[in-house]
Amino acid sequence: SAASDVYKRQLLVKLAIAYEPVNFAIAKEYYNESIKVSKANHWFKEVGDSYFNKSFYYHYSMGSDSAFLMLNEAQRWYEKANYSRGVLSCYFTLGTYKMNIEQFDSATYYLETAVQYGDTLNDSIYLHRSYNNLGLVYHYLGFYDKGIENFIKAIHLKEKINSIDATSAYVNLGLSYSVNGQFDESIFYYNKALK
């Protein structure tokens, strides 16, 4: 029955997450089973969630191509489910993965797309994360002014929602100002990060 499948799927995902750090071959089987149960019940968002979760293992084990395949699958299922926040999370995560492996052109594309989606959905959490990571990409590329601009946007959003994790954006902004030779601004933001 659908009710028992709900419980079964939840258990499969919990087992997959628990096995990930120990034995990914077993974790993958649990994820695959959760995908089967979800597909059988037409739970498109849940199918997307399982693919999304699998992407993290592949990314952190440097299986970047597999990570991208998992995220593309997740996005496809989120679109079928009309789950816009899932699509947004895929764009953000793709951009972040691309940034982590220094594919900055792709990272810029995905993070700018995440900013557009986040703005449309008025999702300040993903929006401030996207601005922060986009700032990092521009910083790495040597476009410090564009980096600063994005860090400031991230900080404004974080302060608006009283987010306690503005610290990373303060540090990133301090670093960009420092590299740009704007030392007073740099010290100001480092002090904010310290507080």
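The values are calculated or read from the model by the stated rules, or taken from the named source; none is laboratory data. Predicted model only: the values in this text are computed from it and were never measured. Heads up, the Cβs are rebuilt from the backbone with ideal geometry, glycines too, and the neighbour counts pull from every protein chain shown. We work out accessible area using only protein heavy atoms, side chains counted, and drop any ligands, DNA or RNA first. Shrake-Rupley method; radii C 1.70, N 1.55, O 1.52, S 1.80 Å.
Residue 159 to residue 56: FRET efficiency via 1/(1 + (r/R0)^6), r the Cβ-Cβ distance, R0 30 Å, to the nearest 0.05? Intermediate values should be presented prior to the final figure.
On the way: r = 29 Å, r/R0 = 0.96.
Once rounded, the FRET efficiency stands at 0.55.
Here residue 192 is the anchor, and the lysines within straight C-alpha reach of less than 27 Å, apart from those fewer than 8 places off in the same chain, are 146, 153, 158, 160.
Want the number for residue 29 to residue 7: 0.36 nm per residue separation, take away the alpha-carbon distance, what's left?
Numbers: separation 22, 0.36 × 22 = 7.92 nm, distance 1.72 nm.
Stretched out fully, the residue 29 to residue 7 stretch lengthens by 6.2 nm.
Round to the nearest 10 and give me the degree value, 0 to 90, for the angle of helix 2-19's Cα axis relative to the longest principal axis of the chain. Here the helix axis deviates by roughly 50 degrees. Under the convention that each Lys and Arg Cβ holds +1 and each Asp and Glu Cβ holds -1, the size of the dipole of the chain around its Cα centre is about 560 debye.
Computing the accessible area with a 1.4 Å probe over protein heavy atoms, can you report the carbon and sulfur percentage for the range 60-195? Provide the component values of the computation, followed by the final result.
Working: 3570 of 7090 Å².
Carbon plus sulfur share of accessible area: 50 percent.
Checking (1) 21.7, 70; (2) 19.0, 65; (3) 17.8, 55 against the coordinates, the calculated Rg and Dmax of the Cα atoms in Å falls under label (2).
Extension gain for residue 116-residue 76 works out to 12.6 nm (0.36 nm per residue, less the C-alpha to C-alpha distance).
What's the FRET efficiency of residue 182 with residue 42 using the Cβ-Cβ distance as r and R₀ = 45 Å, to the nearest 0.05? Efficiency at R0 = 45 Å is approximately 0.25. Other residues within the sphere of radius under 9 Å centred on the Cβ of residue 19, judged by their own Cβ, net out at -1 (K and R +1, D and E -1).
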